[in-house]
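The values are calculated or read from the model by the stated rules, or taken from the named source; none is laboratory data. The shown structure was predicted, so the numbers you read here are calculated from the model rather than taken from an experiment. All Cβ positions, even for glycine, are placed from backbone atoms using ideal geometry, and neighbour counts span all protein chains on display. Note: accessible area is taken over every heavy atom of the protein model, side chains too, but ligands, DNA and RNA are not part of it. Shrake-Rupley method; radii C 1.70, N 1.55, O 1.52, S 1.80 Å.
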Amino acid sequence: MAESARESMEYDVVIVGAGPAGLSAAIRLKQLDPELSVVVLEKGSEVGAHILSGAVLDPAGLDRLLPDWRERGAPVTVPVTDDRFYMLGQAGVLRIPGWPMPPLMKNHGNYIVSMANVCRWMAGEAEALGVEIFPGMAASALVLGEDGALRGVVAGEFGLNPDRTPGPNYEPGMELLGKYVLLAEGVRGSLSKQAIARFDLAAGHEPQKYGLGMKEIWEVRPEVHHEGRVVHTMGWPLGRNAGGGSFIYHLENNQVFVGFVVHLNYANPHLYPYMEFQRFKHHPMVADLLRGGKRVAYGARAISEGGWQSIPKLVFPGGALLGCSAGFVNVPRIKGNHNAMLSGIAAAEAAQAAIAAGRSGDELTGYEEAVRSGPIAADLRPVRNVKPMWSRWGLLPSLGLGGFDMWWNTLFGDRSLFGSMQHGKTDAAATGLAADFAPIDYPKPDGVLSFDRLTNVAFSFTNHEESQPPHLTLKDPSVPIEVNLPRYGEPAQRYCPAGVYEVLRDEDGSNPQFRINFQNCVHCKTCDIKDPSQNITWVTPQGGDGPNYPNM
């Protein structure tokens, strides 16, 4: 289609994404130079609407950014008081003592938080410094200069018809241009994915690995609530089918975060991650906690798990990758928010120094150097082999060897006897053929502790304007039925935690048709990651659409 002329606005720095990385960058830029013009674009209807995290927060990033965050009233008020780790069997439970674990695994000194609420608070701090924040403004395209450098992004395009032609109320959006553009979109960000491909940022690095994290908020009976308690489990129900585990975090007001993570490098295409989560809640230990309680929210999000080996080159002409767009999660600690904040701070310091020196549109090499040699490296390098060990040897061997490796690196200064192990395949390529695996029989949700996907999606408060083009696009519409169905049993029916994908058939089982219910999408990005044919591409819907998480 012929594009309508777009207006443009110029800033010193354009930041895409109002998560912990993007907001930290915005705050730090204005701390360094109050005269800098800084804009943050957020695709959610409000800051925090698309933020989903566990979360136990290591305050290292917050301490660096706003040392007086306690006096400023940050919603970080529930310190970890009780840290527990369990190995689950189908009916039994074994508590793993804390003493064999290296110090980096301890949670004392950390806080149970809603990262959505932390980001809402950070946005207020940023705006008080003069940062412009535009929620409901999805950044849908990169703007490149004649020299190939990133100049800005297109944001705020509305009113396209389903065939992507302009509708009667079409708004072409604006070009937000900057001397530097910081991409802080979170895991598998659509523009970050384009930038990584265009500038070949992944060359020489291991493929990124991912997990699918699903989370519910429950209000539980006061007698079973223990504010400040942190519980992690491994083992049942996943067994050998997949890596992963659970978290149960007791915050204030008798609320509990209950979450489940499935590593997306599983081979069995019959695996149904969402139903593994629902089955987990029927374990006696978990059922005793939730029985008589009330589920109040649900959501899902992919998690970057590749760690140190999978961090791509972070800078390119005119821009940089921040936070989970680059992949700074510490897998054994199950933490990444502190590193996201630290990356935002480092990127801001590099950008401010460059602008002060009269530069623009080049590579912020100071940011790359700060990440590769600073506190993020100190956090991620000692644990770099835990994920590949788990993928290669399974749960129990990786617990022993991974624990040994972390202790060795702690005691002897990051000199792992294993070097830096490789991940190998992408999660999509790890998917096996349906004929090579037995289907898994999952119990039907009971509507009390466990729920079907569509019922739970209603508790994510997701909404998409139905007249817009689907934001889940197929490179080749024939692949789901002609390739994925006979080879893999079309796993999109199962790996999606929101029931977006269906294979519909006639009454006699013939004539399979692939349907995409994009209105259900909670923006987890699992399909973009796990589709074995890499035929699904997630792009941004119009701004403001998607989940509306209250305090995830």
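If you go through region 133-146 one residue at a time, do you hit one that is within 26 Å of the chain's Cα centre (by Cα) and polar (S, T, N, Q)? Yes, that holds for at least one residue.
Okay, residues lined up against (1) touching a helix residue (DSSP H, G or I) at 6+ places or on another chain (Cβ under 7 Å); (2) surrounded by 23 or more Cβ atoms within 10 Å (Cβ to Cβ):
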| site | (1), (2) |
| --- | --- |
| Gly159 | no, no |
| Pro162 | no, no |
| Asn169 | no, no |
| Met174 | no, no |
| Gly178 | no, yes |
| Leu183 | yes, yes |
| Gly189 | yes, yes |
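Yes/no per residue for (1) within 25 Å of Gly173 (Cα to Cα); (2) open to solvent by less than 40 Å² (accessible area, probe 1.4 Å); (3) modelled with pLDDT of 95 or more:
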residue: Asp476; (1), (2), (3): no, no, yes
residue: Glu482; (1), (2), (3): no, no, yes
residue: Ala492; (1), (2), (3): no, yes, yes
residue: Val503; (1), (2), (3): no, yes, yes
residue: Pro512; (1), (2), (3): no, yes, yes
residue: Gln519; (1), (2), (3): yes, no, yes
residue: Trp538; (1), (2), (3): yes, yes, yes
residue: Asp545; (1), (2), (3): yes, yes, yes
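When only residues in region 1-17 that are out of contact with any Leu (no Cβ under 8 Å at 6 or more places or on another chain) and assigned to a loop (DSSP other than H, G, I, E, B) count, which is modelled with the highest pLDDT? The extreme case among them is Arg6.
Among the numbered conditions (1) within 28 Å of Leu65 (Cα to Cα); (2) free of Cβ contacts under 8 Å to residues at least 60 places away in the same chain, the only one that Tyr180 does not meet is (2). Of the residues Ala348, Ala340, Ala353, Ala357, the single one that is open to solvent by 40 Å² or more (accessible area, probe 1.4 Å), under 25 Å from Pro67 (Cα atoms) and not hydroxyl-bearing (Ser, Thr, Tyr) is Ala353.
Of the residues contained in region 251-265, none is found to be hydrophobic (A, V, I, L, M, F, W, C), outside any strand (DSSP E or B) and free of Cβ contacts under 8 Å to residues at least 60 places away in the same chain. Search region 409-431 for residues being surrounded by 18 or more Cβ atoms within 10 Å (Cβ to Cβ) and either closer than 17 Å to Tyr210 by Cβ or among the hydrophobic types (A, V, I, L, M, F, W, C) (or both), and hand back the single one that is nearest to the chain's Cα centre (by Cα). Among those residues, the one meeting the criterion is Asp427. How many of the residues in region 199-213 are in contact with an Asp or Glu (Cβ under 6 Å, 6 or more places away or on another chain) and surrounded by fewer than 24 Cβ atoms within 10 Å (Cβ to Cβ)? Residues flagged as in contact with an Asp or Glu (Cβ under 6 Å, 6 or more places away or on another chain) and surrounded by fewer than 24 Cβ atoms within 10 Å (Cβ to Cβ) within region 199-213 amount to 0.
Quick grid of which residues meet (1) surrounded by fewer than 22 Cβ atoms within 10 Å (Cβ to Cβ); (2) modelled with pLDDT of 95 or more:
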residue	(1), (2)
Leu364	no, yes
Ala370	yes, yes
Pro375	yes, yes
Leu380	no, yes
Val386	no, no
Trp390	no, no
Leu395	yes, no
Leu401	yes, no
Asp405	no, no
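Okay, residues lined up against (1) closer than 15 Å to Gly213 by Cα; (2) open to solvent by less than 10 Å² (accessible area, probe 1.4 Å):
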site	(1), (2)
Ala267	no, no
Gln278	yes, yes
His283	no, yes
Gly292	no, no
Tyr298	yes, yes
Ile303	yes, no
Ile311	no, yes
Gly323	no, yes
Asn330	yes, yes
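Would you check which residues across region 137-181 are touching a Lys or Arg at 6+ places or on another chain (Cβ under 9 Å), in a loop (DSSP other than H, G, I, E, B) and at pLDDT 95 or above and list them? Within region 137-181, Met137, Ala138, Gly145, Gly148 meet the criteria.
Filtered by the rule that a residue be open to solvent by less than 10 Å² (accessible area, probe 1.4 Å) and more than 19 Å from Ser360 (Cα to Cα), region 23-33 gives Leu23, Ser24, Ile27. Could you list, in sequence order, all residues of region 432-462 that are farther than 11 Å from Asn268 by Cβ, under 28 Å from the mean Cα position of the chain (by Cα), of a type outside the set (Phe, Trp, Tyr) and not in a loop (DSSP other than H, G, I, E, B)? Residues satisfying the conditions are Arg453, Leu454, Thr455, Asn456, Val457, Ala458, Ser460. Among residues of region 503-519 that are among the basic types (Lys, Arg), those with a beta-carbon under 8 Å from a residue that is open to solvent by 40 Å² or more (accessible area, probe 1.4 Å) at least six positions away or on a different chain give the pairs Arg505/Asn511; Arg505/Gln513; Arg515/Glu502; Arg515/Leu504.
Among residues of region 266-281 that are farther than 15 Å from Asp531 by Cβ and among the hydroxyl-bearing types (Ser, Thr, Tyr), those with a Cβ under 7 angstrom from a residue that is modelled with pLDDT of 95 or more and open to solvent by less than 20 Å² (accessible area, probe 1.4 Å), sequence gap 6+ or separate chain, pair up as Tyr274/Met214; Tyr274/Pro497. Scanning region 182-201 for residues that are of a type in the set (A, V, I, L, M) and either assigned to a loop (DSSP other than H, G, I, E, B) or more than 19 Å from Ala428 (Cα to Cα) (or both) gives Leu182, Leu183, Ala184, Val187, Leu191, Ala195, Leu201.
Listed by first and then second residue, the pairs with beta-carbon distance under 6 Å, at least 6 apart or on different chains, first residue in region 326-344 and under 14 Å from Arg384 (Cα atoms) and touching a residue at least 12 places away in the same chain (Cβ under 8 Å), second basic (Lys, Arg) and surrounded by 24 or more Cβ atoms within 10 Å (Cβ to Cβ), are Val331/Lys387. Criterion applied to Gly204, Gly292 was being modelled with pLDDT of 95 or more, part of a loop (DSSP other than H, G, I, E, B) and either more than 27 Å from Thr462 (Cα to Cα) or in contact with a strand residue (DSSP E or B) (Cβ under 6 Å, 6 or more places away or on another chain) (or both), and the one residue passing it is Gly204. Restricting Gly243, Gly306, Gly239 to residues that are at positive phi and not hydrophobic (A, V, I, L, M, F, W, C) narrows the list to Gly239. Helices (runs of 4 or more DSSP H) fully within region 312-407 that include at least 3 residues being of a type in the set (Val, Ile, Thr): none found.
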